[in-house]
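Since the structure comes first, as structure tokens, the remarks are kept for the end.
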Amino acid sequence: MKLFVTGGAGFIGSEFIRQSIAAGDSVVNFDKLTYAGNLDNLVSVADNPRYSLVVGDICKAADVAEAMPEKCDAVVHFAAESHVDRSILSAEEFVLTNVLGTQVMLDVARHRKAGRFLHISTDEVGGDMEEDEWFREESPLEPSSPYAASKTAAEHFVRAAARTFGLETIVTRTSNNYGPFQFPEKLLPLAISNALEDRPIPVYGDGLQIRDWVHVADNCKALRLVLEKGFAGDTYHIGGGDPMTNLEVLHMLLRIVGKPLSLLTTVKDRPGHDRRYAVHFGKITRELGWRPETTFEAGLTQTIEWYQDNAHWVERCKNGDYRSYYETQYSPAGRG
């Protein structure tokens, strides 16, 4: 396939691109290269003739139109502001990128006659789940955070584009991803990094928030399957199927690395913090035959080993060195 991928230098987008190049696809990666975009994630494909990078902003229609090939097989839309804490501090960038940016992408995809539009959403659009409740494709959308609200709005624009203009869209909602190359601001990479350095691991409130975890490689296999065989206009949920409290996850992590529970440090809880997310993914299993291959403990062990073996990557993220290439090559000064 000939794919146009937004946000491909991020954690999940880069895994999707690595899988797609390995499968023989051609990929144009359109990325703004914000703090979460890391070209170190794509070193393994950077010189592949079927891969190209275009630096640009999804909110600028002219830039997107210039970069998107006519009649590409699919647009895969990862690009988004995604860190909930940042959205609580200021929601403006989330509205611009996640809502306006998605509408721009839909408009350009339609005018450039893209074959399919795969929109990557999140389980957070469903809001807080009751005990033993599962978020299904037909469940109501009840976002709690500014981030989740912006992703909910984006979904509505995707469905409107399908209904009004006949654009062939598919929406996926995925639970918490984990694995290699995740920027160390999210729970697991931060906890892994701190544990390996014997530094305190922050725990929001009582730590009993329940989350569902899926390995990023399993998630991207599901995304590729949905892209190829999913039904236009449908929504598919992707999850791990084993929700756990944050404390259970962190206890497991500390046991694997052989560190004491005393590293866990309680911090003030996040405003409006949802207690339970739990994605029901029976539909994608029934219709397309997907189910996660990696158990959480095995995947967590592999992830910890990756962070141990790639301390240089983590250090470059923390000290900002990973940005130096962008600033030289893609900043206004660097472009002369």
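The values are calculated or read from the model by the stated rules, or taken from the named source; none is laboratory data. All values derive from a computational prediction rather than experimental measurement. Don't worry about glycine lacking a Cβ; one is built from the backbone with ideal geometry, like all the others, and counts go over all protein chains shown.
Please go through (1) within 28 Å of N38 (Cα to Cα); (2) among the small types (G, A, S); (3) surrounded by fewer than 19 Cβ atoms within 10 Å (Cβ to Cβ) for A149 and return the number of the only condition it doesn't satisfy.
It is condition (3) that A149 fails.
Which of (1) under 18 Å from the mean Cα position of the chain (by Cα); (2) among the acidic types (D, E); (3) closer than 17 Å to A114 by Cβ does E168 not meet, given it meets every other one?
The failed condition is (1).
Which one is surrounded by the fewest Cβ atoms within 10 Å (Cβ to Cβ) among residues in segment 187-210 that are in contact with a Phe, Trp or Tyr (Cβ under 8 Å, 6 or more places away or on another chain) and under 24 Å from G239 (Cα atoms)? Don't jump to the end; show me each part of the working.
Just the residues of segment 187-210 that are in contact with a Phe, Trp or Tyr (Cβ under 8 Å, 6 or more places away or on another chain), to begin with: 188-189, 192-193, 196, 210.
From what's left, under 24 Å from G239 (Cα atoms): 188-189, 192, 210.
Working: L188: 22, P189: 22, I192: 24, I210: 18.
It comes out as I210.
Per-residue answers, yes or no, for (1) assigned to a helix (DSSP H, G or I); (2) exposed (fewer than 14 other Cβ atoms within 10 Å of the Cβ); (3) at pLDDT 95 or above:
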| residue | (1), (2), (3) |
| --- | --- |
| R270 | no, no, no |
| Y322 | yes, no, no |
| T328 | yes, yes, no |
| S331 | no, yes, no |
| G336 | no, yes, no |
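Filter segment 295-310 down to residues that are of a type outside the set (A, V, I, L, M, F, W, C) and surrounded by 21 or more Cβ atoms within 10 Å (Cβ to Cβ) and give me whichever is farthest from D40 (Cα to Cα).
My answer is G299.
Out of V257, V279, report the one residue that is farther than 30 Å from P140 by Cα and touching a helix residue (DSSP H, G or I) at 6+ places or on another chain (Cβ under 9 Å).
Going through V257, V279 in turn, the sole match is V257.
Within segment 107-146, which residues are within 18 Å of the chain's Cα centre (by Cα), over 23 Å from K229 (Cβ atoms) and in a helix (DSSP H, G or I)?
Across segment 107-146, the qualifying residues are E124, V125, G126, P146.
Any residue in segment 138-145 that is of a type in the set (S, T, Y), at pLDDT below 95 and either over 15 Å from V279 (Cβ atoms) or touching a strand residue (DSSP E or B) at 6+ places or on another chain (Cβ under 9 Å) (or both)?
Looking for residues that are of a type in the set (S, T, Y), at pLDDT below 95 and either over 15 Å from V279 (Cβ atoms) or touching a strand residue (DSSP E or B) at 6+ places or on another chain (Cβ under 9 Å) (or both), one finds at least one in segment 138-145, hence yes.
Yes/no per residue for (1) free of Cβ contacts under 8 Å to residues at least 40 places away in the same chain; (2) of a type outside the set (A, V, I, L, M):
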| site | (1), (2) |
| --- | --- |
| G127 | no, yes |
| L141 | yes, no |
| R163 | yes, yes |
| K186 | no, yes |
| R199 | no, yes |
| Q209 | no, yes |
| A222 | no, no |
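Do you know which of the residues in segment 273-325 that are acidic (D, E) and over 21 Å from the mean Cα position of the chain (by Cα) is farthest from C220 (Cα to Cα)? Break it down into steps so the answer makes sense when it comes.
We begin by selecting, within segment 273-325, every residue acidic (D, E); these are 274, 287, 293, 297, 305, 309, 315, 321.
Right, trim to over 21 Å from the mean Cα position of the chain (by Cα) and you get 287, 305, 309, 315, 321.
On the way: E287: 17, E305: 21, D309: 23, E315: 26, D321: 28 Å.
Of everything passing the filter in segment 273-325, D321 is farthest from C220 (Cα to Cα).
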